[in-house]
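A.B. asks: Here it is, the structure in full.
Throughout, read-outs are computed from the coordinates displayed, never taken from laboratory work. Model, not experiment: these values are computed from the prediction. Neighbour counts run over all protein chains shown; Cβ positions are idealised from the backbone, glycine included.
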């Protein structure tokens, strides 16, 4: 029915997983996983380096920004508003000792995140607190600028 050589390949072309390029692919995997290519590896991938997860919640009278920053100390956080830019940053304490890790998925490194602040936020009433590894920044809305939507009657 089928010709014998039509669908067969030499042994070195299909000798199992990844063909004869297994070593090359495995070394590339190790480099990515352990040498900074993965988002949790020491040094991290440049795309994820110095980023911490953030959630922003809108309430009726304020916005709430939650920065998930476990393993950090509140004394090292710095929150500023310059014009319309809210910046949350963390600097490492100077007395941090370097541990020798066998495997590391978490590192409490320095970071900086910036967010555009809307016009209807009272910039002089912003406050922050740090509890249970979460930095919470509360941005109150300005009631004079925060008018609810109105329905317009069509004649």
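A.B. asks: Do you know which residues across segment 56-77 are farther than 13 Å from residue 108 by Cβ, within 19 Å of the chain's Cα centre (by Cα) and exposed (fewer than 13 other Cβ atoms within 10 Å of the Cβ)?
C.D. replies: Once the filter is applied, which keeps residues that are farther than 13 Å from residue 108 by Cβ, within 19 Å of the chain's Cα centre (by Cα) and exposed (fewer than 13 other Cβ atoms within 10 Å of the Cβ), segment 56-77 yields 56, 57.
A.B. asks: With surrounded by 10 or more Cβ atoms within 10 Å (Cβ to Cβ), free of Cβ contacts under 8 Å to residues at least 24 places away in the same chain and touching a strand residue (DSSP E or B) at 6+ places or on another chain (Cβ under 8 Å) as the only criterion, which of 87, 80 stands out?
C.D. replies: On inspection, the qualifying residue turns out to be 80.
A.B. asks: Mind checking which residues of segment 118-155 are free of Cβ contacts under 8 Å to residues at least 40 places away in the same chain, surrounded by 15 or more Cβ atoms within 10 Å (Cβ to Cβ) and more than 12 Å from residue 62 (Cα to Cα)?
C.D. replies: none
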